[in-house]
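I have placed the structure first, in the form of structure tokens, so that the comments after it can refer back to it.
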Ligand SMILES: [Zn+2]
């Protein structure tokens, strides 16, 4: 199997039944895009284009998808970014690294969670209330 390094956009009304490798089919009408997994395994990757899923960025005829495409459920477990018609492969993550990334994410979430206690939090709360009053109307 050959990993692709490039993909070209093709704007269509309907996603065709048989996809060609190396082509990202984009249906604006149905807000979706599909392509064959860039690893060459032949599985179809569907990337719905909506704020909760993927964002399509077009510039000078080149397309990018955000966020990255991670086909964790496929046997190939491909993970890559489509950026400016290029396929940028992520390094293969070992099970330990995946676990490490997950625990780091968890720590980040905990660090960002509001902790409304103590003097500083009360100060911030008081200031926010004042600002709210100033801009209230
Ligand atoms: Zn694949």
Here are the criteria: (1) away from the ligand (no atom under 11 Å from the Cβ); (2) within 15 Å of the chain's Cα centre (by Cα). Tell me which single one residue 86 does not satisfy. (2)
Among the residues of segment 76-94, write down those that are outside any strand (DSSP E or B) and modelled with pLDDT of 95 or more. 84, 85
Please go through segment 45-74 and give me each residue that is within 16 Å of the ligand (Cβ to nearest atom) and modelled with pLDDT under 95, ordered by number. 70, 71, 72, 73, 74
Give just the number: which of (1) at pLDDT 70 or above; (2) within 30 Å of residue 5 (Cα to Cα) does residue 127 not satisfy? (2)
Matching residues in segment 17-43 - criterion: being surrounded by 13 or more Cβ atoms within 10 Å (Cβ to Cβ) and either away from the ligand (no atom under 16 Å from the Cβ) or outside any loop (DSSP other than H, G, I, E, B) (or both): 23, 24, 25, 26, 27, 30, 31, 32, 33, 34, 35, 36
Somewhere in segment 100-108, is a residue more than 16 Å from the ligand (Cβ to nearest atom) and modelled with pLDDT of 95 or more? no
Looking only at segment 5-16, which residues are assigned to a loop (DSSP other than H, G, I, E, B) and either on the phi > 0 side of the Ramachandran plot or under 19 Å from the mean Cα position of the chain (by Cα) (or both)? 5, 7
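The values are calculated or read from the model by the stated rules, or taken from the named source; none is laboratory data. Only a predicted model underlies this, so the values are computations on that prediction, with no experimental measurement involved. Cβ sites come from the backbone with ideal geometry, for glycine too, and all protein chains shown count toward neighbours.
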